[in-house]
1. Mind giving me the FRET efficiency for A:S29 and B:A203? R0 is 56 Å, r the Cβ-Cβ distance, nearest 0.05 is fine.
2. Of B:S110, B:I212, B:S186, which is farthest on the positive side of the dipole of the stretch B:3-236, counting Cα position, with +1 on Lys and Arg Cβ, -1 on Asp and Glu Cβ, and the Cα centre as origin?
3. State log₁₀ I(q)/I(0) for the stretch B:33-117 at q = 0.13, 0.21, 0.25 Å⁻¹ as given by the Debye formula over alpha-carbon point scatterers of equal weight, solvent excluded.
4. Put the label 7 Å from Cα along Cα→Cβ for B:L188; what are its distances to the other copies, in nanometres, shortest first?
5. Please find, among residues of chain B, the one with the beta carbon closest to the rotation axis relating it to chain A, distance in whole Å.
6. Which distances, shortest first and in nm, link A:E228 to the matching position in the other copies, using label points set 7 Å out along Cα to C-beta?
7. Taking 7 Å along the Cα-to-C-beta vector as the label spot, tell me the B:T68-A:E232 distance in nanometres, rounded to one decimal.
8. Quick one: net charge of B:A140's neighbours, Cβ under 13 Å, K/R +1, D/E -1?
Number of protein chains: 2
Amino acid sequence: MTYCVGLLLDAGMVLLSDTRTNAGVDNISVFGKTFVEQVPGERVMALLTAGNLAVTQAVWNRLQEGVTLGGQRQTLASVPTMFRAAQLVGEAVRQVFDADGPALRAQGISFDVSIMLGGQIAGSAPRLFLVYAAGNFIEATADTPFLQIGEHKYGKPILDRVLTPATPLADGVTLALISMDSTLRSNLTVGLPIDLTVIRRDALQVGLRRRIGEDDPYFAFLRQRWSESLREAYQALPRPDWLG
Amino acid sequence: MTYCVGLLLDAGMVLLSDTRTNAGVDNISVFGKTFVEQVPGERVMALLTAGNLAVTQAVWNRLQEGVTLGGQRQTLASVPTMFRAAQLVGEAVRQVFDADGPALRAQGISFDVSIMLGGQIAGSAPRLFLVYAAGNFIEATADTPFLQIGEHKYGKPILDRVLTPATPLADGVTLALISMDSTLRSNLTVGLPIDLTVIRRDALQVGLRRRIGEDDPYFAFLRQRWSESLREAYQALPRPDWLG
């Protein structure tokens, strides 16, 4: 399993992925699920991937080699818009499905992939997409300025309650880490370390990439403090007076 | 969908279920999912149900009419132990599967049912079980003193962090309501009103049954205050100093 979350804020994007892959519970590995493509000053994009690792790696490899879209061989470094970038990722997913789908089906393995694509190209606004296994996609908007892939439920309530496009970047980082913490605690197939990517609006290059493990002092403190805060908040709630 | 949660505390049991059923998103109804069987002073049991409504109602009807277990016609009012009560519920589930499973399968409908059974019989400790669609079951223990059925993920993190068998009953009620609130907010197929059942240890009868709707002052206050508390707790967290 996987948990990835992407926030599309006025100030930029916060993208966070875990690194756990498992081929059965007795075969657990660490694989990065965040991939960055940038031409500093001109464009910056990050992909976060969930699903079958062979599929997501195949998609990334095809994107690196170039995918034919509208009769032209394109890469994420060449597409003119973020919309085309999302189309390109969708086309790469469809090509992998065409190539590997029948053989996977013959083995009873589902073609399982979802990809978050965030980025900005000079002259346009930052955009954040979620590409499905069918190669179609949706986009985050101001109404719901975040997207999630993988094991999304545990980490969703805090985002629903707090996040708005006006949330500052540093607050977004804290929020994404809390959301990840709730998921890590409840689902063993989502695991440390986690990969944080921050892209500031109009910077047109990655602002920060940070791998966060057990020993990261800020994350360790955050997890402990958040746990204490929840317990304190619950303790401070009034109890029902009708229980007798 | 459904969300039901049951807490097995030293002081007794807190059982909470929603009431929403849906046959498609355009056909939503209110059905109670909590059923009580008691012989005051001798035994008290409550069933909380999730899954196909025709299946769960059929199970309850069979339990009311009596189910043959070990060659003897039994009801929840006649079984000698809570273990036998769980077996009886499991047997009722299996009989419904035998009766309706093939016809459901022919329509492409899965035999979807899970039932929580909590209760106490005079002379024995309170016990809380979760009966699966196969009629087998598990039991809550001191290590994990709660069980959930239905849409369990949103409401699990707070239980994981806070609940112990020593949690007082009133605290358990507050906690179950918070857990339900997180689920209600994130999954529209779980809906108000909700049914709360409290069974005190050794009381051998239901201590409280309360239907809680939009207009319940305590629940309304709790939801608002919990939301504020989470926002305040998140606001009070330090932000990363390495973001620059």
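1. Details: r = 52 Å, r/R0 = 0.93.
E between A:S29 and B:A203, to the nearest 0.05, is 0.60.
2. After comparing all options, I get B:S110.
3. -0.40, -0.96, -1.26
4. From this label point to the equivalent ones elsewhere in the assembly: 3.6 nm.
5. Residue with the nearest Cβ, plus whole-Å distance, for chain B: B:K153, 2.
6. 2.4
7. 6.3 nm
8. On the way: positive: B:R127; negative: B:D10, B:E139, B:D143.
Local charge sum for B:A140: -2.
The values are calculated or read from the model by the stated rules, or taken from the named source; none is laboratory data. Here the structure is a predicted model, which means the values were calculated and not measured. FYI the Cβ positions are ideal-geometry reconstructions off the backbone, even for glycines, and counts take in every protein chain you see. For the accessible areas, the whole protein counts, side chains as well, though only heavy atoms, and no ligand, DNA or RNA atoms are used. Shrake-Rupley method; radii C 1.70, N 1.55, O 1.52, S 1.80 Å.
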